[in-house]
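*Asks:* Please read through the structure below; I'll follow up with questions.
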Amino acid sequence: MEFPRTGAIIDNLTESRKIPSISAAVDIDGEPAFLKAAGQIFEDQSPINEETQFDIASVTKVFSGICFMQMVEEGRFSLDEPVCEVFPQLGGKKLIEKDGKVIRYADGSTVTWKHVLCHTSGMGWTRPKTRPSLPGIDRGSDVIFILPFAADVNEHIIYSDLPVILMGKAMEMAEGRPLDWIVQERLLTPLQLNHTGYRRISQYSSGSDFSGRYFVSA
């Protein structure tokens, strides 16, 4: 089956440099019907192919969230459970900051896993221009606990990776294994997603096996 319009759109996007590269696939009834890779890797201008893996960044929230909900169904966590039961450092009075100024306080002990999954925890980056780099999951979680909130709990939907990082860490603590192993075993292997998973960045590791990962897929 031909997809000439789709192929032309892909060529236009890469040749006009609107995006550096793209890989697209269409399956019909489980069989590949269309597959096209075009463009170059931005950093070194090397051409991509059908086996090139892309960093799919925040899509990891979907994978880890599904695994977390599996653990909820198993009784390992409860959606109404306060996050501070796992991370006591999150409990208590938290600054709510806007434009670098403290405007009021939030009660961190009221943040539940439901708030985390619904992005209503109130946690978020309050200073985009001075956003810190989290140095690996172990030291990074310590930074998260002292950051100001962006809003009160359940006040707004704020899309943020901060509480989701804590969710992943809680899963690691519950199972005694790194998050990539948990996602691989619970989701990627059963779905036969053989080209999707975490890759480790050893040069950014803080020495912990939990550090330095990003999510890729082909």
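*Asks:* Going by average Cβ neighbours within 10 Å, how do the peptides 83-93, 27-37 rank, with the highest at the top?
*Replies:* Output ranking for 83-93, 27-37: 83-93, 27-37.
*Asks:* If you don't mind, there's one more thing I want to ask. Give me the net charge of Asp107's neighbourhood, meaning all other residues with Cβ under 10 Å from the Cβ of Asp107; Lys, Arg count +1, Asp, Glu -1.
*Replies:* It works out to a net charge of +1.
*Asks:* Find out how many positive minus negative residues lie around Cys118, taking Lys and Arg as positive, Asp and Glu as negative, among other residues whose Cβ is under 15 Å from that of Cys118.
*Replies:* -3
*Asks:* What does the net charge come to around Phe34 if you take all other residues with beta carbon closer than 10 Å to its beta carbon, with K and R at +1 and D and E at -1?
*Replies:* -1
*Asks:* In what sequence, highest mean first, do 67-77, 106-116, 175-185, 39-49 appear when ranked by Cβ atoms within 10 angstrom?
*Replies:* 106-116, 175-185, 67-77, 39-49
*Asks:* Another question, if that's okay. What list of ³J(HN,Hα) values in whole Hz, one per residue of region 52-63 in order, does the Karplus curve 6.51 cos²θ - 1.76 cosθ + 1.60 (θ = phi - 60°) give from phi, with Gly and Pro shown as x?
*Replies:* Those phi angles translate into 5, 9, 10, 6, 9, 6, 5, 4, 4, 4, 5, 5 Hz.
*Asks:* Moving on. Taking the Cα centre of region 61-175 as the origin and placing charges on Cβ (Lys, Arg +1; Asp, Glu -1), which of Ala170, Val116, Phe149 is farthest toward the positive end of the dipole?
*Replies:* Among Ala170, Val116, Phe149, the one farthest towards the positive end of the dipole of region 61-175 is Phe149.
*Asks:* Residues of region 49-84 with amide nitrogen under 20 Å from the 7 Å Cα-to-Cβ point of Ile19?
*Replies:* 49-63
Only the coordinates and a few stated rules stand behind these numbers; no lab work does. Worth saying up front: this structure is predicted, and the values here are computed from it rather than measured. Note that each Cβ is placed from the backbone with ideal geometry, even for glycine, and that neighbours are counted across all protein chains shown.
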